Amino acid sequence: MTPQPSAEPIRVLLIDDHTLFREGLARLLDREPGFRMAAHCATAEEGLAVLDRTPVDVVLLDFDLDGSPCSGFLPTARHGGFHGRTLIVTAGVGARNASQLLADGASGVFLKHRPAELLVDCIRRVARGETWIDEPRPPVNRPPVNKPAVRTLSARERKALRLVFEGFTNKEIASRLAISETAVKWTLQRLFGKTGARSRSQLIRVAMQLYLEEL
């Protein structure tokens with residue numbers, strides 16, 4: 001049987017002014033099968049210069065570059081002939097800014113606290129033409145959970161929620177809190193009940209909406 005040719009790697013440009021995050025993510029993606037780092041840089045201007053000379057499929061763009069929103073990058077890149085995809089990778093962005101970024105041509109918003117393996121999957125999806133929205137939103141046709149619910153969490157529940165928010169597994173949470181994995185599962189079940197979340201991803205979204213300051 002004739003072997004099938006392997007798919008072309010996804011060429012990624014990373015623009016982020018946090019050096020440790022940028023270099024760490026660049027190394028991770030460079031080792032990931034099916035990816036190739038075209039370049040990484042700290043400013044939108046440097047990124048636009050890369051696009052002028054290097055083929056890129058997906059741009060990973062921080063929203064807040066050295067204190068300035070990245071919004072001008074998208075129309076400038078498009079005007080310069082860039083036809084790839086742009087994923088906003090950020091610590092957080094408001095709903096209005098997220099909507100404007102999508103209107104300007106961004107393919108989605110990914111929050112930095114999410115696990116690295118989820119970002120890898122997200123990049124692949126965006127490269128295929130999908131849109132990824134990671135910004136938390138209130139449930140449709142449901143009243144938002146009241147802010148006073150924050151005060152109902154026990155100390156252990158707050159600690160566990162913080163670790164879930166940071167992307168730790170049940171085993172890692174158990175180790176950090178010095179409790180059993182069974183105790184972690186019971187704690188998470190209580191958090192699901194108190195927040196109305198039905199999954200780990202929904203629990204993280206609730207944390208972003210209601211508990212971010214406490215976390």
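Quick note: the coordinates plus some simple rules give every number you see, no bench work behind them. Predicted, not measured: the structure shown is a model, and the values here were computed from it. Backbone-built Cβ (ideal geometry, glycine too); neighbour counts: all protein chains shown.
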**Fill in**
Note, segment 164-179: 3J(HN,Hα) by Karplus (6.51, -1.76, 1.60, θ = phi - 60°), whole Hz, Gly/Pro = x, goes 4, 4, 8, x, 6, 7, 4, 4, 5, 5, 4, 5, 6, 9, 6, 10
**Item:** Placed amide H near Val59: partners under 5 Å, 5+ positions off or other chain
**Value:** Leu13, Arg85, Thr86, Leu87
**Message:** Going by amide H atoms built from the backbone, whose H comes under 5 Å of the H on His40, apart from near neighbours?
**Reply:** Leu14
**Request:** Treat the count of other C-beta atoms within 10 Å as a stand-in for reagent exposure and order Ile204, Ile133, Ile88 from fewest to most.
**Result:** Ile133, Ile204, Ile88
**Residues Arg128 and Ala103, FRET efficiency given R0 of 30 Å [Cβ-Cβ distance, rounded to 0.05]** = 0.90
**Fill in**
Computed ³J(HN,Hα) along segment 116-129: with the Karplus parameters 6.51/-1.76/1.60, θ = phi - 60°, integer Hz and x for glycine or proline, the list is 4, 5, 6, 5, 4, 5, 4, 4, 4, 5, 4, 4, 7, x
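How would Asp30, Asp57 line up from fewest to most surrounding beta-carbon atoms within 10 angstrom? Numbers along the way, then the final one.
Numbers: Asp30 12, Asp57 19.
The order, fewest Cβ neighbours first, is Asp30, Asp57.
Counting only C-alpha contacts under 8 Å and six or more residues apart, can you give the relative contact order of segment 52-112 as a whole percent?
Normalised by residue count, the contact order of segment 52-112 is 37 percent.
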**Prompt:** Under the classification rounded if a/c is under 1.5, otherwise prolate if a/b is larger than b/c and oblate if not, where does segment 10-133 fall, given a ≥ b ≥ c as square roots of the Cα gyration tensor eigenvalues?
**Reply:** rounded
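Just want the ordering: Val93, Val12, from fewest to most Cβ atoms lying within 10 Å of their own Cβ. Don't skip to the end; give the middle numbers.
Details: Val93 20, Val12 25.
If I rank by nearby Cβ atoms, fewest first, I get Val93, Val12.
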